[in-house]
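The values are calculated or read from the model by the stated rules, or taken from the named source; none is laboratory data. Predicted, not measured: the structure shown is a model, and the values here were computed from it. Virtual Cβ from ideal backbone geometry, glycine too; neighbours counted across all protein chains shown.
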Amino acid sequence: MSTEQPHDAEEPRTMHYTRSDPSKYPTTPEGQAAAAEGAAAHYAADSGTMRRAYSSVEISRLVRDSANPRTPIGQFQRGMLELVAALERNRVADRALAGDPNPTDADALEYVYEIADRYEQAQQDDAQRERFLDAITAELTPDDLRALRLAADVAVAVTPRVIVAEADDGKDPKQIAGEIGLSSARVYDLLRAERARRAALDTSPE
């Protein structure tokens, strides 16, 4: 009996592991927070959920909603989330005690972005959409709803102006359409109408 192995036999493989250098780990709270948030942001970007710059609060929510605690990577993600949350709470408390009027660096549009993202994800099926609407119903007050409705009116009113500004900066109308969420034909129509309106104003008598 021949002892030669077939030529297509798979060669043994060795996995090499290099231990990281602990002396390079961040030692300050600021450095640890940056490392934790960077890892969370890297995870969110790899998972395809990053379409814009997210706050640390939103990154924490993304990791929390995506992490599976039954797996090693899920446990790691949860650990990073807990570290981010703890460091964020300490940072906010320190800034608040120092008299910072906006210790969380809150973005005025952050909640609007969150609602939009959640609504977009809820379009996958009718049941998920109903659950989202029920949750939003419990969150919003009549004053909140009024503000959102007025903000929607403002968004519609300024859309042609934003389109012209972006086009004047050299952006292609098709790209503008994708970013705003309108069809290319609609963007071209609004672009022509807004430029015509401005031209009429420029030629009108004082």
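Here are a few things to note about the model shown:
- Entry remark, segment 186-201: residues being out of contact with any helix residue (DSSP H, G or I) (no Cβ under 9 Å at 6 or more places or on another chain), farther than 15 Å from D168 by Cβ and among the charged types (D, E, K, R) number 1 in total.
- Filtering segment 136-174 to residues that are in contact with a helix residue (DSSP H, G or I) (Cβ under 8 Å, 6 or more places away or on another chain) and not β-branched (V, I, T) leaves L140, L148, A151, P160, R161, E166, A167, P173, K174.
- When T159 is tested against (1) surrounded by 10 or more Cβ atoms within 10 Å (Cβ to Cβ); (2) more than 23 Å from the chain's Cα centre (by Cα), exactly one condition is not met: (2).
- Here P173 meets the list (1) surrounded by fewer than 13 Cβ atoms within 10 Å (Cβ to Cβ); (2) in the same structural domain as R197 (by TED's automatic domain parsing); (3) not acidic (D, E) almost entirely, failing just condition (1).
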